[in-house]
Amino acid sequence: MDGWWKKNPYYVEYMVHESTAFFVAAYAIVLLVGLLRLSQGEAAWNGFLEALKSPLSIVVHLVFLVAIAYHAFTWFKLFPLTMPPMIVNGKRVEPGVVVGTGWTAAIVASLVLLGLVWRIAA
Amino acid sequence: MSEQKIIEIEVLRYLPESDQAPHSEIYKVPFTDDMSVLQGAQYIKDNFDGSLTFRWSCRMAICGSCGMMINGVPKLSCETFIRDYYPNRITIEALANFPIEKDLVVDLSSFIEKLEAIQPYIIPKEPRTVEQGEYIQSPAQFAEYIQYTSCINCTLCYAACPQVGLNQNFLGPAVIALAHRYNMDSRDGGQDQRMELLASMDGVYNCSAVGYCSEVCPKHVDPGNAVNVNKINAAKDYFLRFLSPKGGSK
Amino acid sequence: MINRKRSNAPIFWGLFGAGGMIAALFGTMLVFITGIAVPMGLLLPANTMSYPKMLAFAQNFIGKGFIFVVIALMLWHAGHRIFHSLHEIGIHPGFFARLICYGGPLVATIISAALLLGLGF
Amino acid sequence: MEIYKADVVIVGGGGAGLRAAIAVAESDPSLKIALVSKVYPMRSHTVAAEGGAAGVKRPDDSFDYHFHDTVGGGDWLCEQDVVEYFVHQAPVELTRLEHWGCPWSRTPDGHVNVRPFGGMKIQRTWFAADKSGFHILHTLFQTSIKYPSIKRFDEYFCVDLLEEDGRVQGVVAIEMATGEFTMIEGKSVILATGGAGRVFRESTLGGIVTGDGMALAFRHGVALRDMEFVQYHPTCMPITGLLFTEACRGEGGYLVNKDGYRYLQDYGLGPLQDKPKNKYMELGPRDRLSQAFWYEQQKGRTIEHPVLGSVVHLDLRHLGEAYLHERLPLIYEMAETFMGIDPAKEPIPVRPGVHYTMGGVRVDGNCETSLPGLYAIGECASVGIHGANRLGSNSLTELLVFGKKAGDEAAARAKSTGPGNSASLLKQAQAAEQRVMALKTKTGGTERISTIRKEMVKSMEDGCGIYRVEDTMQATCDKLTQLRERFKNINLDDKSSVWNTDWLMAIELDYQLDVAQAMAHSAVNRKESRGAHQRLDGPDGAYTKRDDVNFLKHSDAYYVPGSAPRITYGDVKITKSPPAARVYGAAGEKADQERKESHV
């Protein structure tokens, strides 16, 4: 079984989307560190904010952005495989529709989140 | 007749009584545009080497015998055409993830054992006599399971599944799809009995949703979906079994 | 022989699925807000993540819950996936892999719960 | 040699064998059943049957109609008492299969649906889309798993029957994966090995359909009955012979010649119908449709395709893509995959191909042969329901009805019979082993089995086609005699033990040559035209007509070692349907009417 995942483009893509987990984990750890700094008081939190502004941090977050966006893309793309078939009016919903609904949900959720943050901040 | 062309077919040969390990042999096979890869293999057997060994029968993609790796992809050789590869070489090998018995013949006994274990028959919800006539099944009830009845047991999905390669005991796509086929049938009441295996260590959670099984399935059974839906069912059974007194699994 | 023993996977698979869903729905935008927009002063007000605002957010029930769910579930999601991937590339699930992949999220879950509780209401 | 002691041995794991195994298991769970099959049961050729299985279902249908359609379709060469039993059991067995999970296609109110088929007065074909055989086989295979008393010998190749004290007591088989021999003892043995259509070139049949069981029984002195009747299915894929089911026509498909003309109206099947009408036009019987193709070809009205040869068009376009996907999904897929044709947009080129052997091992209504303890069912048997031409969709039902019957009979026999003399049986088995091994180990031969096989199938097609004449039939008989000689001089490329398919195919070829001889000699001796056996010769064309005076008889072919088979004739059992003119279309309707009036 060694190197099985190199044998076929389908497997390579699978390994790529599986590897987004590293970036999800790394980002969650960044948030955990932020939470820790927040609990240590204002100075610590401000230090964390400063660190986020460093070019390295920006670059790393851009990488996270791409990886997690790819995770979202593939997560919903697999919905026809992973979710029970949806039957509407006695007809099975087409896989393309299921995937499209997932992607739309992700976009809506993102915009709602942005809107909420914007409202809280303003 | 159309013009005859020659294609190179590279076959992974393995004769257990004389070979230490599988090796490749290349045959130059004349073909016409209507010839399948299976017919290519038959040509080799008839004309070059009668010892070349492979399973085949119906030639129309319904008996499920003639699956092999064709240029690394699990396919039914009877419905894969030489013309689609020409002028490149075709490589044929025994199905991946099974032990090879000889040349293109693999040992399917583990698959059969799993298929038998899953109780692939109606365990009647309400038994019925012949005098009572047939069960009534609405179009909606019929639509629930019919797709999963199309499996021809060709085992291409096992050759496509890396998790089968990693754990030979994993029930695998086709067998889980077969269990699902009966679970979803309105005549059947055996879901609880089949849950024991689906929720077991060798059951549905071996799957990591690669999805290639459904991709290679020649009959559009979508076994990957059956496996994943049963992760949800098995999880329900796991968390809710204490609520329901008849929970199937131990 | 088929191992008929019941698998405990539903627990981990459930956490994996929930975390994957959170990450898929909110992950991208969260990274954009916390890692790019706010640090670079794009789009959002400059004080979006100021100490008072964040503290208030973390002291609010909903805010607290959100932070906890995002951190814990995304780690459970990632841990489970990485655990599988290790197995797939031939590093078979030994004690060490389990410790990292599931112990890590567990510790992180406890820490984040403790920190969030410590921040008060 | 491995030894296994069973009560009932079943050779063949297709629809009939599985149904018999279940019947034995249900009749007495203490009986040990050995199910021996050269392929995994779900690979058996039942899998390829498409259209469906006949059984009275609708209130406007009756057992009587099914009886008359069958007997008339068989050109009165049917055993009418057996047909009577068959038509009554058909709905019982089909319903039982529904209870076992067979996904029969349904009407909107949830009942099992039936479709029209060729030669039927009222539609009565139960179907599972166009994969009826596939679903029947998988349902039976999966149901058989429920019974622990069924011990399967998958991928075991049967090479001989064991006969002692005037009764059959077991079989000898090769485990294909190892090349080892196994003796399987049994108090009754059921042959369910399927047909022999692979002795022809262009056929709808799988590679495994090599007449094994027929040859096994034949060599043990059992008659092969009515072997000259070989059904050509009118709508097959050119070259490969793959089948486009009769359901294509049942659902409303047209057959047209090069002028786009529905030529069947010229062959006693008219007048022209727009919608499928039972027993008219495209819903005429198979033999008539294949014969019409032959005449069209003679008249130069077929389409001459540069690669495919002479074809006519099966036109499904007017049925629409959605309907085709629902009712004929396999046909749709096959046309697309194998021919690159979208049947919703283009007509499909078709021609007749060999499809079914009406004849087989002669058995009585209890499925028992003349050799005590030996039973035969399904296509390998001649129980007497098909006569000279099988009605489409009777064969799938036959598997069920007579599978059940033979299972019950064999079980009863096993319970009332004592054990055999194992030592003596083993000696016989060892002799069989030596004989079969010799085929593999012998050296110095010069013939390739593929060459002999190719010459055999070509010769059978030349001599025993849709229309037959003395000269070519005799030429085929002579050719087969030669090939029998040449077979002694074969040499195998593969001398190994594991999975030696070179060797197994040689044994199959040996079987096929026997069966082909029985067919060709039965054919040349039948000096009349009936059902699927149509002649163009005789003094003043005397053989072109049915001759009830001399040939309302079954032919029986008996094995004669080292020589041509001996052909004798036996009576046909007639109960309530005396031979009459076999007419379809408007003439058929008129004849039906007259029969009804004469009964009043």
With the condition kept exactly as written, say whether any residue in the range D:395-407 is closer than 30 Å to B:D84 by Cα, part of a helix (DSSP H, G or I), touching a residue at least 12 places away in the same chain (Cβ under 8 Å) and more than 14 Å from chain B (Cβ to nearest Cβ). no
Select, from C:A58, C:A24, C:A97, the only residue that is surrounded by 15 or more Cβ atoms within 10 Å (Cβ to Cβ), small (G, A, S) and in contact (Cβ under 8 Å) with a residue 60 or more places away in the chain. C:A58
Looking at the range D:273-293 only, could you name the residues that are open to solvent by 60 Å² or more (accessible area, probe 1.4 Å) and either within 25 Å of the chain's Cα centre (by Cα) or within 24 Å of D:S310 (Cα to Cα) (or both)? D:R288
Taking only pairs six or more apart or across chains, which ones have beta-carbon atoms under 7 Å, a first residue in the range D:356-378 that is touching a residue at least 60 places away in the same chain (Cβ under 8 Å) and farther than 19 Å from D:Q231 by Cβ, and a second residue that is open to solvent by 10 Å² or more (accessible area, probe 1.4 Å) and among the aromatic types (F, W, Y)? D:G365/D:Y85
Only one residue in B:I6, B:I26, B:I62, B:I92 is in contact (Cβ under 8 Å) with a residue 60 or more places away in the chain, β-branched (V, I, T) and open to solvent by 50 Å² or more (accessible area, probe 1.4 Å), so which one is that? B:I26
Residue among A:I107, A:I68 that is facing another protein chain (nearest Cβ under 7 Å) and either assigned to a helix (DSSP H, G or I) or among the hydroxyl-bearing types (S, T, Y) (or both): A:I68
Scan (1) more than 24 Å from D:Y40 (Cα to Cα); (2) more than 8 Å from every other protein chain (Cβ to nearest Cβ); (3) part of a loop (DSSP other than H, G, I, E, B) for the single condition B:L52 breaks and write down its number. (1)
May I ask you to list the residues in the range B:140-154 that are facing another protein chain (nearest Cβ under 9 Å) and under 20 Å from D:T139 (Cα atoms)? B:Q141, B:F142, B:A143, B:E144, B:Y145, B:I146, B:Q147, B:T149, B:S150, B:C151, B:I152, B:N153
Within the range D:463-497, restricting to residues that are open to solvent by less than 30 Å² (accessible area, probe 1.4 Å) and among the β-branched types (V, I, T), the one that is nearest to D:H355 (Cα to Cα) is D:I466
Exactly one of D:D540, D:D514, D:D510 is open to solvent by 10 Å² or more (accessible area, probe 1.4 Å), assigned to a helix (DSSP H, G or I) and in contact (Cβ under 8 Å) with a residue 40 or more places away in the chain, and that residue is D:D510
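Is it the case that the range D:78-101 has a residue that's within 30 Å of D:F244 (Cβ to Cβ), within 13 Å of chain B (Cβ to nearest Cβ) and in a strand (DSSP E or B)?
no
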Select from the range B:145-165 the residues that are open to solvent by 20 Å² or more (accessible area, probe 1.4 Å) and either without any contact (Cβ under 8 Å) to a residue 40 or more places away in the chain or touching a strand residue (DSSP E or B) at 6+ places or on another chain (Cβ under 8 Å) (or both) and list them in ascending order. B:I146
Hey, can you tell me all the residues within the range B:1-21 that are farther than 17 Å from B:I90 by Cα and more than 13 Å from chain D (Cβ to nearest Cβ)? B:Q20, B:A21
All positions within the range A:24-49 that are in contact with a helix residue (DSSP H, G or I) (Cβ under 6 Å, 6 or more places away or on another chain) and more than 7 Å from chain C (Cβ to nearest Cβ): A:G34, A:R37, A:A44, A:F48
Regarding D:E589, is this residue over 30 Å from D:F487 (Cβ atoms), open to solvent by 30 Å² or more (accessible area, probe 1.4 Å), outside the structural domain of D:K479 (by TED's automatic domain parsing) and without any contact (Cβ under 8 Å) to a residue 24 or more places away in the chain? no
Taking the range C:110-120 only, how many residues are within 10 Å of another protein chain (Cβ to nearest Cβ) and either surrounded by 14 or more Cβ atoms within 10 Å (Cβ to Cβ) or in contact with an Asp or Glu (Cβ under 7 Å, 6 or more places away or on another chain) (or both)? 5
Please go through (1) under 21 Å from the mean Cα position of the chain (by Cα); (2) within 27 Å of C:A37 (Cα to Cα) for A:P80 and return the number of the only condition it doesn't satisfy. (2)
In the range B:204-244, what count of residues is obtained for those that are surrounded by 19 or more Cβ atoms within 10 Å (Cβ to Cβ), under 16 Å from the mean Cα position of the chain (by Cα) and acidic (D, E)? 1
Restrict the check to the range A:2-23 and report whether at least one residue is within 7 Å of chain C (Cβ to nearest Cβ) and exposed (fewer than 13 other Cβ atoms within 10 Å of the Cβ). yes
Answer from C:V31, C:V70, C:V38 - the residue that is within 15 Å of the chain's Cα centre (by Cα), surrounded by 20 or more Cβ atoms within 10 Å (Cβ to Cβ) and free of Cβ contacts under 8 Å to residues at least 12 places away in the same chain: C:V31
On the basis of being of a type outside the set (S, T, Y) and in contact with a strand residue (DSSP E or B) (Cβ under 7 Å, 6 or more places away or on another chain), does D:G359 make the cut? yes
Which of the residues belonging to the range A:62-83 are free of Cβ contacts under 8 Å to residues at least 12 places away in the same chain and open to solvent by less than 60 Å² (accessible area, probe 1.4 Å)? A:L65, A:A69, A:L78, A:L81, A:T82
Looking at (1) part of a helix (DSSP H, G or I); (2) within 9 Å of chain D (Cβ to nearest Cβ); (3) under 27 Å from B:S57 (Cα atoms); (4) not basic (K, R), find the lone condition where B:C157 falls short. (2)
So, in the range A:77-91, how many residues would count as being in a loop (DSSP other than H, G, I, E, B) and either touching a strand residue (DSSP E or B) at 6+ places or on another chain (Cβ under 8 Å) or more than 7 Å from every other protein chain (Cβ to nearest Cβ) (or both)? 4
Restricting to the range D:546-600, what's the tally of residues that are of a type in the set (S, T, Y) and on the phi > 0 side of the Ramachandran plot? 0
Counting only strands (runs of 3 or more DSSP E) wholly inside the range B:58-115, the ones holding at least 2 residues that are more than 10 Å from chain D (Cβ to nearest Cβ) are B:67-70, B:73-76, B:90-93
Residue among C:I11, C:I36, C:I22, C:I2 that alone is at the interface with chain A (Cβ under 7 Å from one of its Cβ atoms) and over 16 Å from A:L35 (Cα atoms): C:I36
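The values are calculated or read from the model by the stated rules, or taken from the named source; none is laboratory data. Fair warning: this is a prediction, and the values are worked out from it, not measured in the lab. Glycine also receives a Cβ, built like all others from the backbone with ideal geometry; neighbour counts cover every protein chain displayed. The accessibility values were calculated without ligands, DNA or RNA, using every heavy atom of the protein model including side chains. Shrake-Rupley method; radii C 1.70, N 1.55, O 1.52, S 1.80 Å.
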